[in-house]
Amino acid sequence: MATKVLERKPLSLAEQTYLPQILGGMKITLRNMFKPPVTLEYPDERPDIPEGYRGVPTLVKDPNGREKCVSCQLCEFVCPPRAIRITPGEIDAESDTAHVEKAPKEFEINMLRCIYCGFCQEVCPEEAIFLQDIFSLSGYSREELVYQKDKLYELGGTLPDQHYKWDRKREAELAGNPHH
Amino acid sequence: MEWNELLLIVFKALLVLSVVMSLAAYAVLAERKVAAWVQGRVGPNRTQIPLLGGIPIIGTFLTRLGVFQPAADGLKFLFKEEPTPGHVNKFYYLLAPMIAFIPAMTTMTVLPFGQYVNEAGEVQPLVLANLDIGILFILAVSSLGVYGIVLGGWASNSKFPFLGGIRASAQMISYELSLGLSLLPVFLWFGGSLNLFNIVQGQTDLLFGFLPQWTILFQPLSALIFLVALFAETNRLPFDMPESETDLVAGYNTEYGAFKFGLYFVGEYTHIIIGSGVFVALFLGGWNLPWVTLPAGLFGTVLSVLIFVIKMLALVFVFMWVRWTLPRFRYDQVMTLGWRWLLPLAVANLVFYAIIIAVIEQF
Ligand code: SF4
Ligand code: SF4
């Protein structure tokens, strides 16, 4: 293998005194002093969270306020550290979304176990669970950090829906086409 | 001595003391701010005094500037628990911070910081004690400060402070020599006077009618050697061997906390301020401005003090600026620089100027 011998020039007298280098460094630091700070004053200022960031997993509702999760438990099944625990429940027959049939009675995500992998979001057939932009969690006890259903909905809020799957299903049913 | 004369002296001393102390406190703040600015951060910007900080625009501005921070720091040093580790030598452990603090404070007595014209029309220095051997006094007393560091390192009875103390003493010995030698040409230049006031007055005139007669213009090498040695004497980066927090935890003050640490801290900054003052007096013309004659009367006095303080603070800023620019030297590099470069250079400088001055005096 060909080797290349680097030529090392001896230092000139000016370089040996360090002084030109020190002055050069001081020039750089002086210039830096007049630049605006690059830091964020964190709790007051928050960073912009980029699209596709995987923050805390949350449950969302559709724009009509319907809870989207149908407690199929796929996310519970896929979750690598088993952070999710779902107790399925039925939807009241009187409710106008009775045709969805199921909704979670209890839904908890243990934020201390979650590894923010996003599998639950990926696997969910109802687009009901999303990892959004919340990145800082704190609590005084372990129990507090097992987020319950209402907390998850509170954090998730409402996201736009492209399909309105269940509304269309009902329309089709009413139009006499139950297998839509 | 009359009673009121004595009272006046005490009053003057207290005044100077409190000014220097608050300068030291604000030097700490300035250090933190400069560090932050150099590193693209904001620095201390939260501390608020309830009423003052509440004033709409000014209050917020001052808070952002961190003006109230030194008060908070000082209170913290005062009220923190003061643990004394069980393995230390109590007597020397307690003595050391005082020994570090007192010399730093004592040197300010002979530093002239302004001038006034007395009834007889003579220009007199504003100084606590106008000693004829002023600069010798400063050199002698300020080098006592290292005993505080050595003693602190030794009395702490633990490894890192011990190493810090040893380094401090080695460094101090190495650079003290160059420091003294670099000053000799200055004294020769001003006709052998060791009085700081005479040296400052010697820098009043213009040479050939336009060149300010500041020592730094005539003896740049002396100034450089003195400045480098001053950095080493005050343990500032790039010479902060005794502390070097990356390899010695915190060096000599590792085992110190609360108020005792505060004493070391304030002592260090006082040392820097007084050192800058000495440099200004010796090399930067003291309270003289080139091409400007100070008016007589109270206004001239105030102006002279202001000029001196501004020059001094500018130099303190340079100390900080250098600190946040340069990395620390290695221990052997410090020794090489001190013994193999600065010392021969200082001797050569002395011989050179001795010959020059002798030649000038011949004609
Ligand atoms: S969140 Fe999605 S995947 Fe999980 S149970 Fe609900 S519908 Fe199923
Ligand atoms: S992000 Fe991953 S670890 Fe967290 S709840 Fe979803 S599947 Fe489980």
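Residue-wise test of (1) over 21 Å from residue B:323 (Cβ atoms); (2) away from chain A (no Cβ under 13 Å).
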{"position": "B:20", "(1), (2)": "no, yes"}
{"position": "B:28", "(1), (2)": "no, yes"}
{"position": "B:38", "(1), (2)": "no, no"}
{"position": "B:50", "(1), (2)": "yes, yes"}
| request: Select from the stretch B:49-75 the residues that are among the aliphatic types (A, V, I, L, M), open to solvent by less than 50 Å² (accessible area, probe 1.4 Å) and either at pLDDT 80 or above or more than 23 Å from residue B:30 (Cα to Cα) (or both) and list them in ascending order. | output: B:67, B:72
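Suppose we keep only residues that are more than 16 Å from ligand 2 (Cβ to nearest atom) and assigned to a loop (DSSP other than H, G, I, E, B) within the stretch A:59-73. Which one would you say is surrounded by the fewest Cβ atoms within 10 Å (Cβ to Cβ)?
Once the filter is applied, the top-ranked residue is A:65.
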| message | Which of the numbered conditions does residue A:153 fail, given that it passes all the others? Conditions: (1) without any contact (Cβ under 8 Å) to a residue 60 or more places away in the chain; (2) open to solvent by less than 30 Å² (accessible area, probe 1.4 Å); (3) more than 12 Å from ligand 2 (Cβ to nearest atom). | response | (1)
| field | Which numbered condition residue A:133 fails, given (1) acidic (Asp, Glu); (2) under 27 Å from residue A:46 (Cβ atoms); (3) open to solvent by less than 50 Å² (accessible area, probe 1.4 Å) | value | (3)
| remark: Of the listed residues (B:29, B:17, B:78), the one being touching a residue at least 24 places away in the same chain (Cβ under 8 Å) and crowded, with 18+ Cβ neighbours inside 10 Å is B:29
| query | Condition test on residue A:9, is it more than 7 Å from every other protein chain (Cβ to nearest Cβ) and part of a helix (DSSP H, G or I)? | reply | no
| request: Answer yes or no: is there a residue in the stretch A:110-121 that is open to solvent by less than 30 Å² (accessible area, probe 1.4 Å) and more than 9 Å from ligand 2 (Cβ to nearest atom). | output: no
| request: Just name the residue that is surrounded by the fewest Cβ atoms within 10 Å (Cβ to Cβ) out of those in the stretch A:91-109 that are among the β-branched types (Val, Ile, Thr) and more than 15 Å from residue A:123 (Cβ to Cβ). | output: A:97
| field | Considering residues of the stretch A:64-96 that are of a type in the set (S, T, N, Q) and more than 8 Å from ligand 1 (Cβ to nearest atom) only, the residue farthest from the other protein chains (Cβ to nearest Cβ) | value | A:95
| query | Is it true that some residue in the stretch B:165-174 is open to solvent by less than 30 Å² (accessible area, probe 1.4 Å), out of contact with any Asp or Glu (no Cβ under 9 Å at 6 or more places or on another chain) and over 23 Å from residue B:262 (Cβ atoms)? | reply | yes
| query | Using beta carbons and a limit of 6 Å, which pairs, at least six apart or on different chains, have the first residue in the stretch A:121-148 and closer than 16 Å to residue A:61 by Cβ and the second one within 12 Å of ligand 2 (Cβ to nearest atom) and assigned to a helix (DSSP H, G or I)? | reply | A:124/A:75; A:129/A:75; A:129/A:120; A:129/A:121; A:130/A:121
| Those residues of the stretch A:123-146 which are under 19 Å from residue A:49 (Cβ atoms) and not polar (S, T, N, Q), in sequence order | A:129, A:130, A:131, A:133, A:134, A:135, A:137
| Scanning the stretch B:336-352 for residues that are of a type outside the set (Gly, Ala, Ser) and surrounded by fewer than 16 Cβ atoms within 10 Å (Cβ to Cβ), which turns out farthest from the other protein chains (Cβ to nearest Cβ)? | B:351
| Does residue B:85 qualify as being outside any strand (DSSP E or B) and in contact (Cβ under 8 Å) with a residue 60 or more places away in the chain? | yes
| query | For residue B:161, all conditions in the list (1) closer than 19 Å to residue B:100 by Cα; (2) assigned to a loop (DSSP other than H, G, I, E, B) hold save one; what is the number of the exception? | reply | (2)
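Okay, residues lined up against (1) closer than 19 Å to residue A:168 by Cβ; (2) aromatic (Phe, Trp, Tyr); (3) open to solvent by 30 Å² or more (accessible area, probe 1.4 Å); (4) within 11 Å of ligand 2 (Cβ to nearest atom):
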| site | (1), (2), (3), (4) |
| --- | --- |
| A:57 | no, no, no, yes |
| A:75 | no, no, no, yes |
| A:82 | no, no, yes, yes |
| A:89 | no, no, no, no |
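Please go through the stretch B:280-306 and give me each residue that is among the β-branched types (Val, Ile, Thr) and open to solvent by 20 Å² or more (accessible area, probe 1.4 Å), ordered by number.
Taking the stretch B:280-306 as the starting set, the residues that turn out to be among the β-branched types (Val, Ile, Thr) are B:280, B:292-293, B:301-302, B:305.
Within the stretch B:280-306, B:292, B:293, B:301, B:302, B:305 meet the criteria.
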| said: Which count do you get for residues in the stretch A:37-54 that are open to solvent by 100 Å² or more (accessible area, probe 1.4 Å) and within 10 Å of chain B (Cβ to nearest Cβ)? | reply: 1
| said: Looking at A:35, A:61, A:105 in this structure, which one is in contact with a helix residue (DSSP H, G or I) (Cβ under 8 Å, 6 or more places away or on another chain) and either within 16 Å of ligand 1 (Cβ to nearest atom) or of a type in the set (D, E, K, R) (or both)? | reply: A:61
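The values are calculated or read from the model by the stated rules, or taken from the named source; none is laboratory data. If you're wondering where the values come from, they're calculated on a predicted model, not measured in any experiment. Note: ideal-geometry Cβ built from the backbone for every residue, glycine included; neighbour counts use all protein chains shown. For accessibility, only protein heavy atoms count, side chains too; no ligands or nucleic acids. Shrake-Rupley method; radii C 1.70, N 1.55, O 1.52, S 1.80 Å.
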